[in-house]
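Asker: This is the structure I have questions about; it appears just below.
Coordinate-derived values only; no laboratory data. Please read these numbers as outputs of a predicted model, since none were measured by experiment. Every residue, glycine as well, gets a Cβ built from its backbone with ideal geometry; the counts of neighbours run over all protein chains shown.
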Amino acid sequence: MRPVVALLLSASLALAACQREERDTRPQSALGSGEQPIPVTTLEPGGQRPSPADNKAASFEANAFHLSEGKRLFGWFNCSGCHANGGGGMGPALMDEKWIYGSSMESIHATIRDGRPNGMPSFRDKIPDDQIWELAAFVRSLSGNAPSSAAPSRNDDMMVHPSENRMPDAATLGKSP
Amino acid sequence: MKQATQLAAFCGDPVCTDRAPASRKHFGVLTATLLVCAPLLTAASQPPPAPAISPPATAAPPDDGQWTMPAKNYASTRYSELAEINEGNVKNLQVAFTFSTGVNKGQEAAPLVIGNTMYIVTPFPNIVYALDLSKPGAPMKWKYEPNPEPAAQGVACCDVVTRGAAFADGRVFFNTLDGHTIALDANSGQPIWNAHIANINIGETITMAPLVVKGKVLVGNSGGEMGVRGWVKALDAGDGHVVWTAYNTGPDKEVLIGPDFKPHYDMDKGKDLGVTTWPPEAWKIGGGNMWGWISYDPDLNLIFHGTGNPGPWNPDLRPGDNKWTSGIFARDADTGAAKWFYQWTPHDLHDYDGINEQVLLDMNWQGKPRKVLVRPERNGYLYVLDRTTGEVLSAKPYGPVNSSKGVDLKTGRLIENPDKLTGTGKVVRDICPTASGLKDWQPSAFSPKTGLLYIPHNNLCMDEEGVEVNYIAGTPYVGMNVRMIPGPGGNRGAFTAWDIAAEKPAWSLKENFPVWSGAVVTAGDVVFYGTMEGWFKAVSAKTGDLLWQFKTSSGIIGQPITYRGPDGHQYVAILSGVGGWAGAIVSGDLDPRDATAALGFVNVMKDLKNTTTAGGTLYVFRLP
């Protein structure tokens, strides 16, 4: 049975490849991209090991399209219901300089995908993986961690805070270090 | 008596009542009103009559010095007959003992005192402590840790609070955030039963204090911001099994509407209104939760409970009256069968939950003795209802209201203000009161000695913008950007003494922050409440004059109580620890740069972080 399925699958993939040029929109399976061993602490007995960076992080971060998509999805998946427009509510604030589970793209992606024990739900089977990366990129931009050239511009609606591309860096609150 | 009430209502001025000390202070005003109110003054010079307004005796039995339920009694008066602490000596109050709850989240609970023991329940993780009042310093007798599911914190709107426990028949009953109702042996702290009745994966939590009536523990669910269908359940106090469940939306059968249901107004009559006043299926995720207060009238054998806001907040997704949300039910105490219903806010536009306390009183209304129910409602009106029928006798605003233009006493319907209709893609500004209401859950107190209802409340307005929202079970279902601002005058809170007979305030105190604490009033004519700065205050029940205040370690949003200790003396207790929706900016460490944080409340509480810090400490006071 299994070889037949594999054959069918490869045939369909081959057909798809014939029809259009190669695109990078869904490079991996839509739901879940392998496990990433992202430590949620900087305390590692024996000294810090280099974190294996996910190559997806770089391709989504600082990308204007992905950031604006992330902003749209932030409302559509009700992230804003708990985290408001970054200031928080039922969930913690995302626009401040405090990161409970790490500030890296990989950590934020893992938080959205797998959830966290004190109330963050796991969206593993609800949000396609690439869209989780888009959300992670937008979450970082909320605290000024995205180049202003790429971060989304002002809202069409009630101005609740400066637009993401004008948000001062949370760590320095806009002051030069 | 009939004549006096009529005249009081006619004259209106507080000095027209029989409160002699207040009258003496205002001799000029007294002279001026003498001409109009002469007959009443003659009446007042006779021996003091029985209180013109008082709770039914069966719902408010003589004070035994204990505090067995957060509302003090089934009539929910929060009135104590203890009078050792009075207007004259309250200034001498000093700390008897303190106790750290170990939890720095919003402390909304009322302590309970039964015999020589005090019971307190903390916010999540909902630890219950028993303190031995008979020993110096009130040492811990036992504690019980229910270990609720930590994930529940992620579906608890507006901090992880609880509003307290209830005592009956040697047992302490309380609810956990993750949806359990638990009965403990009051002596040992051992669990007797544990009923799992709410599911956090669809957004249900439990934050209310249970009420025990005739061997049943009444509990409702929270989740009006998560698309949760509201219900009230009666659990058997003996073993915790569910005796009945009454939903607040859906088919009549599930709402427990049957042949006995006789609403007073036409708008509440019809078959399956809990289905037909919604778009198809929307009632299944339509809110109407019950997370506030229940009162009970033993004579009528009725319980009274409100229903929360419809979901989502954005009204475009739910055209119709959205029965049975933002209203009040009278139900049979044994079966839960609905007797009547009244909808405070049909098709709610502004998150006006209808779950505030209802104070049960007997009084003369326009010359006739009536059994009434008094409700300071979130939409800004002080309602007086006939609790046998649900008829509205009076609905007067007790603060600034512009979201509606009054209540039509013929149809019972709230008159909407067309300028304040919210919807998708539209920003509507300066709506008063806010989503948190002119008053939220914070319960008021009533004194039969003064005839006044002491109302802790807010003075806030807001901008609202409806936005698109998707229903995903277990996530918020709101669809509204909200930004709150201080109300007229700039004071964000007020403490108002409302003259129920005269339908107007007797006095009102301005507070900088919303008064998010409850109130208690005593036969010593002292009213206690707390502020979000952390002041615990005692004011005169007659005049509102500040008599004493004490600065606690954190902002106060709890419910004060007073009791007679094992030494025979009167004590006053309050939990200090800021949080709740109003204080979420501190307890949840939210970012004030986002005006919509905490559903818009952060915008108006930006300075709270510079005023107080999170805490969780019990303070108990006594005279030296």
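Asker: Which order results if B:247, B:265 are arranged by neighbouring Cβ count within 10 Å, fewest first? Don't jump to the answer; show the numbers that get you there.
Answerer: On the way: B:247 22, B:265 19.
Final ranking by Cβ density, sparse to dense: B:265, B:247.
Asker: If you don't mind, another one. Through the Karplus equation 6.51 cos²θ - 1.76 cosθ + 1.60, θ set to phi - 60°, convert the phi angles of segment B:474-485 into ³J(HN,Hα) values in whole Hz; use x for Gly and Pro.
Answerer: x, 10, x, 9, 10, x, 8, 8, 10, 9, 8, 9
Asker: While we're looking at this one, here's another question. Taking a cut-off of 16 Å between Cα atoms, list the lysines near residue B:135, but don't count ones fewer than 8 places away on the same chain.
Answerer: Residue B:135 reaches no qualifying lysines.
Asker: Could you run the Karplus curve 6.51 cos²θ - 1.76 cosθ + 1.60 with θ = phi - 60° over segment B:256-266 and give me ³J(HN,Hα) per residue in whole Hz, x for Gly and Pro?
Answerer: Residue by residue, segment B:256-266 yields 6, 9, x, x, 7, 7, 10, x, 6, 9, 4 Hz.
Asker: Identify, among B:506, B:404, B:484, the residue whose Cα sits farthest towards the positive end of the charge dipole of segment B:403-511, taking +1 on the Cβ of Lys and Arg and -1 on the Cβ of Asp and Glu, with the dipole about the Cα centre.
Answerer: The residue sitting most towards the positive pole is B:506.
Asker: Quick one: grab the alpha carbon gyration tensor of chain B, order the square roots of its eigenvalues as a ≥ b ≥ c, and give me rounded if a/c is under 1.5, else prolate or oblate depending on whether a/b is larger than b/c.
Answerer: Details: a/c = 1.32, a/b = 1.10, b/c = 1.20.
Rounded, since a/c falls under 1.5.
Asker: Then there is this: Roughly how far apart, in whole Å, are the Cα centres of segment B:82-112 and segment B:210-243?
Answerer: Result: 29 Å between the Cα centres.
Asker: Starting from the Kirkwood radius over alpha-carbon pairs of the protein assembly as shown, derive D by Stokes-Einstein at 37 °C in a medium of 0.692 mPa s and give it in µm² s⁻¹.
Answerer: Details: Rh = 27.6 Å.
Approximately 119 µm²/s, per Stokes-Einstein.
Asker: Which of B:393, A:142 comes first, and how do the rest follow, when ranked by fewest Cβ neighbours within 10 Å? Don't skip to the end; give the middle numbers.
Answerer: Values: B:393 17, A:142 27.
Ascending Cβ contact count within 10 Å gives the list B:393, A:142.
Asker: How many angstrom lie between the C-alpha centres of segment B:483-519 and segment B:553-622?
Answerer: Here the answer is 17 Å between Cα centres.
Asker: Rounded to two decimals, what ratio of Rg to Rh does segment A:45-139 give with C-alpha atoms and a Kirkwood Rh? All intermediate terms of the calculation are to be shown ahead of the outcome.
Answerer: Details: Rg = 13.3 Å, Rh = 13.7 Å.
Using only Cα positions, Rg/Rh for segment A:45-139 is 0.97.
Asker: Here's another thing I want to ask about it. Tell me which of B:311, B:207, B:574 sits at the most positive position along the dipole axis of the protein assembly as shown, charges placed on C-beta atoms (Lys, Arg +1; Asp, Glu -1).
Answerer: Farthest towards the positive end: B:574.
Asker: Further, regarding this structure: Once Lys and Arg get +1 and Asp and Glu get -1 on their Cβ, which of B:610, B:527, A:131 lies farthest toward the positive end of the dipole of the protein assembly as shown?
Answerer: Farthest towards the positive end: B:527.
Asker: Residues of B:469-481, mean number of Cβ from any other protein chain within 10 Å of their own Cβ, rounded to a whole number?
Answerer: Working: counts 5, 5, 1, 8, 0, 2, 9, 10, 2, 5, 4, 1, 8.
Mean shielding count: 5.
Asker: For the protein assembly as shown, give the magnitude of the charge dipole about the Cα centre (Cβ charges: +1 Lys/Arg, -1 Asp/Glu; no others), in debye to the nearest 20. Mind dumping the intermediate values first?
Answerer: Details: 70 positive and 80 negative charges, 273 e Å.
Charge dipole of the protein assembly as shown: 1320 debye, to the nearest 20.
Asker: Which of the residue pairs B:141/B:551; A:56/B:426; B:143/B:537; B:141/B:449 have a Cα-Cα distance greater than 32 Å in the structure shown? Before the final figure, lay out the partial values.
Answerer: Working: B:141/B:551 28 Å; A:56/B:426 38 Å; B:143/B:537 30 Å; B:141/B:449 37 Å.
Pairs exceeding the cut-off: A:56/B:426; B:141/B:449.
Asker: Please express the shape of segment B:369-489 as an equivalent ellipsoid: the semi-axes are the square roots of 5 times the eigenvalues of the C-alpha gyration tensor, given largest first in whole angstrom. Display every interim value, and only then the final one.
Answerer: On the way: eigenvalues 175, 55, 48 Å².
Value: 30, 17, 15 Å, ordered largest first.
Asker: Where Lys and Arg each count +1 and Asp and Glu each count -1, what net charge lies around residue B:493 among other residues with Cβ under 14 Å from its Cβ? The partial results should precede the final answer.
Answerer: On the way: positive: B:439, B:492, B:510, B:537; negative: B:440, B:511, B:533, B:607.
Surrounding charge for residue B:493 is 0.
Asker: Also, I was wondering about something else. With θ set to phi - 60° and the Karplus curve 6.51 cos²θ - 1.76 cosθ + 1.60, what are the ³J(HN,Hα) couplings of segment B:215-231 in order, to the nearest whole Hz, using x for Gly and Pro?
Answerer: Karplus values, whole Hz, x for Gly and Pro: x, 10, 9, 9, 9, x, 9, 9, x, x, 9, 10, x, 8, 7, x, 8.
Asker: Which lysines have a Cα less than 25 Å from the Cα of residue B:420, not counting those fewer than 8 places away in the same chain?
Answerer: B:323, B:396, B:405, B:410, B:439
Asker: If you place +1 on the Cβ of every Lys and Arg, -1 on the Cβ of every Asp and Glu, and leave all else neutral, what size is the dipole of chain B about its Cα centre, to the nearest 20 Debye? Working shown, then result.
Answerer: Working: 53 positive and 60 negative charges, 240 e Å.
Result for chain B is approximately 1160 debye, rounded to the nearest 20.
Asker: Mind checking the alpha-carbon convex hull of segment A:69-109 and giving the volume per residue in Å³? Don't skip to the answer; put the middle values down first.
Answerer: Values: hull volume 3.0 nm³, N = 41.
Normalising the Cα hull of segment A:69-109 by residue number yields 73 Å³.
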